[in-house]
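Take a look at the structure below.
What follows draws every value from the coordinates through simple rules; no lab data is involved. None of the values given here were measured: they were computed from a predicted structure. No Cβ is skipped: glycine too gets one built from the backbone with ideal geometry, and neighbour counts run over all protein chains shown.
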Amino acid sequence: MDYDVIHTDDVPITDLSDVDEVPPDLRIRALDECFETDALNVRLWYFEPGEEIRYHAHAEQEELYYVLEGEFSLKLGRSGEEAFLEAGPGTFWIAKPEVGHGHRNVGDEEGVVLAIGAPAVEDPGLDPHGLEE
């Protein structure tokens with residue numbers, strides 16, 4: 001088959017607090033595992049009020065984010081040049097390789113963010129303050 005169609009409700013939720021090797025302790029739907037993508041990581045991230053993905057960078061992966069629900073505070077940019085921005089539903093942002101990024105749910109309700117990363121490699125977070133420009 002050349003295509004797949006999946007409804008969000010058919011994608012299992014993974015509670016990352018049950019996986020010691022994977023911070024942060026959030027819940028995700030790993031869409032890429034259902035679609036078996038070759039070139040993309042595609043995840044829905046669920047944030048309770050106050051939960052966050054801390055400021056980090058990736059060596060190779062570029063990530064595109066889209067807020068579906070909730071209000072977020074973003075920290076974006078290279079070390080020493082960070083900007084703090086607000087993002088609500090309908091907001092996109094992108095993080096290039098080696099550029100720091102992080103976001104926190106600052107609202108009173110659950111937040112949901114779609115994250116698409118390429119290439120689809122294991123690219124653990126790096127400390128943006130230790131990267132050379």
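For a quick check, take a GNM of the chain with Cα springs below 10 Å and name the residue from Ala87, Ala118, Ala39 with the largest mean-square fluctuation.
Sorting by GNM fluctuation, first place goes to Ala39.
Using the per-residue mean of other Cβ atoms lying within 10 Å as a proxy for protection, in what order, highest first, do the peptides 24-35, 103-114 fall?
Listed from highest to lowest mean packing, they are 103-114, 24-35.
Please compute the length gained on full extension between Glu62 and Asp25, using 0.36 nm multiplied by the number of residues separating them and subtracting their Cα-Cα distance.
Working: separation 37, 0.36 × 37 = 13.32 nm, distance 2.20 nm.
Using 0.36 nm per residue and subtracting the Cα-Cα distance, I get 11.1 nm.
Rule-of-thumb check for the chain: C-alpha Rg over 2.2 N^0.38 Å? Walk me through the numbers before you get to the answer.
On the way: Rg = 14.7 Å, N = 133, 2.2 N^0.38 = 14.1 Å.
So the chain has a normalised radius of gyration of 1.04.
Taking the chain as a Gaussian network, Cα atoms linked when under 10 Å apart, which of Gly102, Gly77, Gly50 shows the biggest mean-square fluctuation?
Looking only at Gly102, Gly77, Gly50, the largest GNM fluctuation is found for Gly50.
Of Gly111, Ser73, Tyr46, which is farthest towards the positive pole of segment 22-120's charge dipole, taken about the Cα centre with +1 and -1 on the beta-carbons of Lys, Arg and Asp, Glu respectively?
Ser73
Okay, helix-only estimate at 222 nm for the chain: each DSSP H run of n ≥ 4 adds -39500 (n - 2.57), divide by all residues, round to 500 deg cm²/dmol; what do you get?
Calculated mean residue ellipticity at 222 nm is -500 deg cm²/dmol.
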